[in-house]
Amino acid sequence: MFSPDQENHPSKAPVKYGELIVLGYNGSLPNGDRGRRKSRFALFKRPKANGVKPSTVHIACTPQAAKAISNKDQHSISYTLSRAQTVVVEYTYDSNTDMFQIGRSTESPIDFVVTDTVPGSQSNSDTQSVQSTISRFACRIICERNPPFTARIYAAGFDSSKNIFLGEKAAKWKTSDGQMDGLTTNGVLVMHPRNGFTEDSKPGIWREISVCGNVFSLRETRSAQQRGKMVEMETNQLQDGSLIDLCGATLLWRTAEGLSHTPTVKHLEALRQEINAARPQCPVGFNTLAFPSMKRKDVVDEKQPWVYLNCGHVHGYHNWGNKEERDGKDRECPMCRSVGPYVPLWLGCEAGFYVDAGPPTHAFSPCGHVCSEKTTAYWSQIPLPHGTHTFHAACPFCAHQLAGEQGYIRLIFQGPLD
């Protein structure tokens with residue numbers, strides 16, 4: 001359950017601010033987690049603060065502005081208004097905060113490297129051919145080093161020269177108090193669920209976060225020049241269950257407190273063993289079914305349970321009702337004769353996606369990932385950004401778009417006959 005980072009500090013556990021979990025992966029990246037590229041990233045209090053906050057504003061391209069840009073030890077954000085005028089905002093060291101940066105770049109300022117999520121991809125090679133829409137320096141999260149350890153999100157991250165450049169084409173403006181602000185090309189969208197991340201959670205409204213952390217309604221399309229309306233009543237403060245969309249990958253923010261109430265991988269393993277101990281049977285072959293171990297979560301096992309997605313009857317794999325004239329995957333259920341897709345069932349192994357610790361009784365459709373009823377109900381009602389201006393519900397374990405009336409089904413197991 002705990003990140004490997006924690007195991008390096010056996011003497012005194014460092015303060016954990018929270019974790020970011022990439023939607024569409026079932027516990028790890030397809031080819032395994034490596035270094036800063038992984039499916040889950042824990043944010044711990046740093047030994048020394050590295051946060052920054054805005055200080056001096058230089059208007060027009062004065063010598064001081066040029067110096068701030070070229071000074072590798074000085075963080076700055078430059079807003080290009082025209083070829084003749086650039087506004088540079090210098091940032092100064094903040095001893096009360098820690099900064100974490102997320103993006104596609106593998107350069108050293110990025111703490112958590114995120115690549116485009118391809119629904120259902122089984123290997124990293126599946127994702128390489130896609131032209132990425134994720135920014136190289138997509139966003140930054142600033143955490144307060146003192147309780148309650150508030151985390152706030154901002155669009156754009158500082159590059160290797162400690163700069164953020166908003167070019168002529170980026171949406172940018174002067175605020176009422178004379179400061180500058182802007183949006184990144186494809187934007188950073190955030191959705192805070194209502195009632196936190198619990199079994200009572202309801203989806204919130206997707207908003208866009210600016211470079212300075214202000215909140216706006218969405219633009220007409222993802223990269224439109226015209227910003228949305230400012231939403232003054234809302235903030236960029238992350239809460240347990242907040243979703244962050246980087247246009248190509250969506251991240252779930254879980255607070256340390258929220259994770260302490262979430263089932264652990266051990267708990268999920270115990271539930272797996274409990275189902276298998278009940279010896280569910282295939283109603284056709286009468287063979288005992290069993291969910292494979294979490295380590296073998298991508299290989300179809302001979303005892304693997306399969307399900308008819310229209311009715312929820314669970315079987316082992318068999319060829320009954322596999323009429324050749326039926327196109328593709330549709331099969332007839334031997335129990336109730338309903339015709340529909342027939343798919344293997346996989347346990348959802350990423351514990352951070354569960355809203356409760358209930359038994360794995362329901363499966364997402366059409367992918368067959370199994371988890372608790374409340375978890376399927378929650379994710380089936382969350383509209384996730386897709387492409388530049390559409391939204392749809394998706395399975396958090398594989399990112400497949402949900403299908404059917406609800407997007408999930410209740411599983412009907414048959415117990416042993418003896």
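The values are calculated or read from the model by the stated rules, or taken from the named source; none is laboratory data. All of these numbers come straight from a predicted model, not from anything done at the bench. Cβ: placed from backbone, ideal geometry, glycine included. Neighbour counts: every protein chain shown. Side chains included, ligands, DNA and RNA excluded: accessible areas come from the protein's heavy atoms. Shrake-Rupley method; radii C 1.70, N 1.55, O 1.52, S 1.80 Å.
Pairs, please: C-beta under 7 Å, at least 6 apart or cross-chain, first residue farther than 30 Å from residue 187 by Cβ and in the stretch 250-279, second open to solvent by 30 Å² or more (accessible area, probe 1.4 Å) and of a type in the set (Gly, Ala, Ser)?
Going by the 7 Å Cβ cut-off, the qualifying pairs are 263/357; 267/357; 278/415.
Just wondering, is there one or more residues in the stretch 247-258 that are open to solvent by 50 Å² or more (accessible area, probe 1.4 Å), assigned to a loop (DSSP other than H, G, I, E, B) and touching a strand residue (DSSP E or B) at 6+ places or on another chain (Cβ under 7 Å)?
no
Select from the stretch 308-338 the residues that are open to solvent by 40 Å² or more (accessible area, probe 1.4 Å), at pLDDT below 90 and either outside any loop (DSSP other than H, G, I, E, B) or touching a Gly at 6+ places or on another chain (Cβ under 6 Å) (or both) and list them in ascending order. Before you say what the answer is, go through the steps one by one.
Start the filter on the stretch 308-338 by keeping residues that are open to solvent by 40 Å² or more (accessible area, probe 1.4 Å), which leaves 310, 317, 319-320, 322-330, 335-337.
So of that shortlist, the ones also at pLDDT below 90 come out as 317, 319-320, 322-330, 335, 337.
Listed by number, the list holds a single entry, 330.
For residue 269, are the conditions met, namely being assigned to a loop (DSSP other than H, G, I, E, B) and open to solvent by 30 Å² or more (accessible area, probe 1.4 Å)?
Working: assigned to a loop (DSSP other than H, G, I, E, B): no; open to solvent by 30 Å² or more (accessible area, probe 1.4 Å): yes.
The answer is no for residue 269.
Let's see how each residue does on (1) out of contact with any helix residue (DSSP H, G or I) (no Cβ under 7 Å at 6 or more places or on another chain); (2) under 25 Å from residue 254 (Cβ atoms); (3) surrounded by fewer than 19 Cβ atoms within 10 Å (Cβ to Cβ):
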{"position": "161", "(1), (2), (3)": "yes, no, yes"}
{"position": "166", "(1), (2), (3)": "yes, no, no"}
{"position": "174", "(1), (2), (3)": "yes, no, yes"}
{"position": "188", "(1), (2), (3)": "yes, yes, no"}
{"position": "204", "(1), (2), (3)": "yes, yes, yes"}
{"position": "208", "(1), (2), (3)": "yes, yes, no"}
{"position": "212", "(1), (2), (3)": "yes, no, yes"}
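Residue by residue through the stretch 350-377, note down the ones that are assigned to a loop (DSSP other than H, G, I, E, B) and under 11 Å from residue 271 (Cα atoms). Working first, answer last.
As a first pass, look at the stretch 350-377 and keep what is assigned to a loop (DSSP other than H, G, I, E, B): 350, 354-361, 365-368, 372.
If the condition is that a residue be assigned to a loop (DSSP other than H, G, I, E, B) and under 11 Å from residue 271 (Cα atoms), then 357, 358, 359, 360, 361, 372 are the ones that fit.
Might you check whether a residue that is open to solvent by less than 40 Å² (accessible area, probe 1.4 Å), among the hydrophobic types (A, V, I, L, M, F, W, C) and at pLDDT 95 or above occurs anywhere in the stretch 71-86?
Looking through the stretch 71-86, none of the residues is open to solvent by less than 40 Å² (accessible area, probe 1.4 Å), among the hydrophobic types (A, V, I, L, M, F, W, C) and at pLDDT 95 or above.
Which of the residues belonging to the stretch 198-228 are in contact with a Phe, Trp or Tyr (Cβ under 7 Å, 6 or more places away or on another chain) and closer than 20 Å to residue 240 by Cα?
201, 207, 208, 209, 213
Identify the single condition in (1) more than 30 Å from residue 303 (Cα to Cα); (2) buried (at least 17 other Cβ atoms within 10 Å of the Cβ); (3) out of contact with any Gly (no Cβ under 9 Å at 6 or more places or on another chain); (4) not basic (Lys, Arg) that residue 275 does not satisfy, given that it satisfies every other one.
So residue 275 meets the others, but not (1).
Does residue 262 qualify as being open to solvent by 50 Å² or more (accessible area, probe 1.4 Å) and assigned to a loop (DSSP other than H, G, I, E, B)?
Numbers: open to solvent by 50 Å² or more (accessible area, probe 1.4 Å): no; assigned to a loop (DSSP other than H, G, I, E, B): yes.
No; evaluated as a whole, the condition is false for this residue.
Kindly indicate whether residue 216 is farther than 23 Å from residue 185 by Cβ and surrounded by 19 or more Cβ atoms within 10 Å (Cβ to Cβ). Quick ask: steps written out before the conclusion?
Details: farther than 23 Å from residue 185 by Cβ: no; surrounded by 19 or more Cβ atoms within 10 Å (Cβ to Cβ): yes.
Judged against the criteria, residue 216 is not a match.
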